[in-house]
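The values are calculated or read from the model by the stated rules, or taken from the named source; none is laboratory data. Quick caveat, the model's predicted, so the values are computed rather than measured. Note: ideal-geometry Cβ built from the backbone for every residue, glycine included; neighbour counts use all protein chains shown. Heavy atoms of the whole protein, side chains included, go into the accessibility calculation; ligands, DNA and RNA do not. Shrake-Rupley method; radii C 1.70, N 1.55, O 1.52, S 1.80 Å.
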Amino acid sequence: MKKQDLKDLVKEKLSDQLLVVVSNREPVIHNYHEEEIRCIRPASGLVTALEPVVKTCSGIWVAHGSGSADRAVTDEAGRVMVTSPGDERGEEPYTLKRVWISKEEEEGYYYGFSNRSLWPLCHIVYLRPRFNADDWLNYKEVNSKFARAILDEIGSKKAFVFIQDYHFALLPRLLKGERPDLTIAQFWHIPWPNPEAFRICPFKDEILEGLLANDMLGFHLEYFCDNFMAAAKRELGAAAGKKDLSLTHRDKTTLIKAWPISVDFEQTSRLAESNRVEELKQRFTKEFNLRDKIVLFGLDRLDYTKGIIEKFEALDRFLEKYPDYLGKVVLLQKGTLSRLHIPEYKRLNDRINAVVEKLNWKYSSNGWTPAILTRRDLDYDGILALYRLADVCIVSSLHDGMNLVAKEFISARNDLGGRLILSRFAGAFNELGEEAIGINPYDIEAFADRIKEAIEVDEEEARRRMGALRKVVSSNDIYDWIGKIASDLAEIGS
Ligand code: GDG
């Protein structure tokens, strides 16, 4: 779907309502930089896609105000008008409403319950979730703060509220308690685990009750919908509707649906051909000494769900098994530090450093090192340049809701170059599994063989596969994702 078509659709379907988008992270952050205030726009496909919709409806975006200068630019109610790059002339800015939370609340709500409890609970990677009563209290408190902020903004208007993610499991119920007439949808961006895994959560009933106050609840995969439905039936006795597409609990029916998220295919494809991307590609090739090398590439937030250690272990096994490739293959891993405040993330970072060091000590010779790890900040052009210089992109998640890196890589390869190795445990495998090279990242032996297969696949066949993968991504891009959600929302709200 085209951006303009989405705008038209949204205008037609949702124009009589106030649209409120809610996310933990803000689309625009203001930070002090020495004396001046700088406006940063964290790279996010979701923001790129939702911003035009919010603007078209003169909507509001509600998020945690986390920048050092955020308060300095907002009014008394925490509001600031923001524009997005590439705004067409005359296009109005939209309202960002910032919610302020204390350090202690952030510690409990974000680092604690969201990321030490819910994140490992929902991703089956055998890391034990930690549950702490204070974290839970903070999580509840922050959800209430968001509810108050949203209700203040809505006033007596009719509104659609579109909530993002696992930070706000209690928010729908809090909103509906005050305003049963609101139409509320929530998208859960991470997996929903099987009922056996979920039932260990001491606060499971409140979480399920909170989510079942939504009119619509979305996941990436039908499998996650099924898991959620099984948990709600088992724990709360909720009743499944026709064809298992909805749940009814306490006389309230919630549509449960899979909407696989995607990327801005056309824009990524176009930007990837720009001169700046080509220049950066040349620069990185020189700087990382990649000329004449076969480049394996990984891009991940440094998170234990992404299978980064396994990627290096597979490279190690590959070089042991296939020594003809010594001196010829390099794994370039770009990573961003993430949630370092949580001990598991700090440990992961140390382990990644150690595994890279060990690998390079074992194999380096004649100026060649097999593993390069870079944490440098790059803008989207820089990321695209890396996608373009990769011979093989490796996504080795141990468990992942979708994984947008796989879809971005495909979108960036309008030259039909590059091969994709993709974990069977990433949601993206559902759509891309037929033409990508599938792996079980826990099976290091087979993973090493798949690396060899990816390198050796015949050029013509590789180009055919990339063409097929591009068709899949272009036929369900980020605008289709929002368009489908908006259409379903409008149906419910009418
Ligand atoms: C959650 C779910 C689901 C990554 N490293 C750098 C960087 N990135 C950008 C990528 C991509 C995004 O971040 C990562 O998206 P993912 O989908 O892979 O992963 P999560 O952040 O875990 O997202 C996931 C997603 O929500 C959407 O629903 O797919 O399953 O876990 O856009 O390009 N960008 C820059 N530097 C980096 O080092 N600039």
> How big, on average over all directions, is the shadow cast by the Cα convex hull of the range 266-316, in nm²?
Replying inline: 5.2 nm²
> Expressed as a fraction of 2.2 N^0.38 Å, the rule-of-thumb size for a compact globular protein of N residues, what is the C-alpha radius of gyration of the range 103-209?
Replying inline: 1.11
>> Quick check: net charge around residue 223, other residues with Cβ under 14 Å of its Cβ, Lys/Arg +1 and Asp/Glu -1?
In response: -3
> Beyond 17 Å, what percent of the Cα pairs of the range 419-465 remain?
Replying inline: 33 percent
>> Straight-line reach from residue 145: which lysines fall under 17 Å, measuring Cα to Cα and dropping same-chain residues less than 8 apart?
In response: 97, 103, 176
>> Let me spell out the model: positive unit charges on the Cβ of Lys and Arg, negative unit charges on the Cβ of Asp and Glu, origin at the Cα centre of the chain. What dipole size does that give, in debye rounded to 20?
In response: 380 debye
> If the label point is 7 Å along Cα→Cβ of residue 234, which residues in the range 171-205 have backbone nitrogen under 12 Å from it?
Replying inline: 193-201
> If one computes P(r) from the Cα atoms of the chain, what percent of pairs lie at distances over 46 Å?
Replying inline: 11 percent
> Given a cut-off of under 8 Å on Cα pairs at least six residues apart, what relative contact order in percent is computed for the range 275-400?
Replying inline: 42 percent
> What does the accessible area per residue of the chain come to in Å², with a 1.4 Å probe and no ligands, DNA or RNA counted?
Replying inline: 43 Å²
>> Suppose R0 equals 45 Å. What FRET efficiency, 1/(1 + (r/R0)^6) with r the Cβ-Cβ distance, do residue 445 and residue 379 give to the nearest 0.05?
In response: 0.75
>> Using DSSP to call loops (not H, G, I, E or B), can you name the trypsin sites (Lys or Arg not before Pro) in the range 104-157 whose Cβ has at most 12 other Cβ atoms within 10 angstrom?
In response: 157
> Largest first, how would 68, 397, 274 line up by accessible area (1.4 Å probe)?
Replying inline: 68, 274, 397
> On the first, second and third principal axes, largest extent first, how far apart are the outermost C-alpha atoms of the range 324-376 in Å?
Replying inline: 41, 19, 16
>> Need one value: the accessible area of residue 270 in square angstrom, 1.4 angstrom probe, rounded to the nearest 10.
In response: 150 Å²
> Counting each DSSP H run of 4 or more residues in the chain as -39500 (n - 2.57), what helix-only mean residue ellipticity at 222 nm follows after dividing by all residues, to the nearest 500 deg cm²/dmol?
Replying inline: -13000 deg cm²/dmol
> Where does the range 451-494 land on Rg/Rh, using Cα atoms and the Kirkwood Rh?
Replying inline: 1.36
> Within straight cross-link reach of residue 2, meaning Cα distance under 18 Å, which aspartates and glutamates are found once same-chain residues fewer than 8 apart are removed?
Replying inline: 12, 51, 87, 88, 91, 264, 266, 408, 477, 480
>> Rounding to the nearest 10 and keeping the result within 0 to 90°, find how far the Cα-based axis of helix 133-154 lies from the longest principal axis of the chain.
In response: 60 degrees
> Taking the range 396-494, which GluC sites (Glu not before Pro) meet the DSSP loop condition and have no more than 13 other C-beta atoms within 10 Å?
Replying inline: 434
>> Please enumerate, by chain and number, the lysines with C-alpha under 18 Å from the C-alpha of residue 286, excluding those fewer than 8 residues away in the same chain.
In response: 328, 334
> Over the range 121-172, what number does the Rg to Rh ratio reach, with both radii from the alpha-carbon atoms and Rh per Kirkwood?
Replying inline: 1.10
>> When the expected Rg is taken as 2.2 N^0.38 Å, what fraction or multiple of it is the alpha-carbon Rg of the range 27-107?
In response: 1.12
>> Based on alpha-carbon centroids, what's the gap between the range 213-233 and the range 117-179 in Å, whole number please?
In response: 16 Å
>> Under 5 Å between amide hydrogens, which residues at least 5 positions from residue 241 or on another chain qualify, with H placed 1.01 Å from N in the peptide plane?
In response: 246, 247, 248
> Which value does Rg/Rh take for the range 204-323 over its C-alpha atoms, Rh per Kirkwood?
Replying inline: 1.21
>> For the range 289-335, place one equal point scatterer on every Cα, skip the solvent, and apply the Debye formula. What is log10 of I(q)/I(0) at q = 0.15, 0.18 Å⁻¹?
In response: -0.42, -0.59
> Lys/Arg Cβ at +1, Asp/Glu Cβ at -1, dipole of the chain taken about the Cα centre: which of 368, 348, 392 is farthest positive-ward?
Replying inline: 348
> Which of the GluC sites (Glu not before Pro) found in the range 54-141 are in a DSSP loop and have at most 10 neighbouring Cβ atoms, other than their own, within 10 Å?
Replying inline: 76, 88
> So how long is each side of the range 10-71 along the principal axes, counting just the alpha-carbon atoms, biggest first, in Å?
Replying inline: 46, 21, 19
> What is the dipole size for the range 340-436, taken about its Cα centre, with +1 at each Lys and Arg Cβ and -1 at each Asp and Glu Cβ, in debye to the nearest 20?
Replying inline: 440 debye
>> Against the empirical 2.2 N^0.38 Å scaling, what ratio does the C-alpha Rg of the range 61-155 come to?
In response: 1.34
>> On the Cα set of the range 348-494, report Rg and Dmax in Å, please.
In response: 17.9, 69
> Over 19 Å between Cα atoms, which of 140/204; 306/407; 204/243 qualify?
Replying inline: 204/243
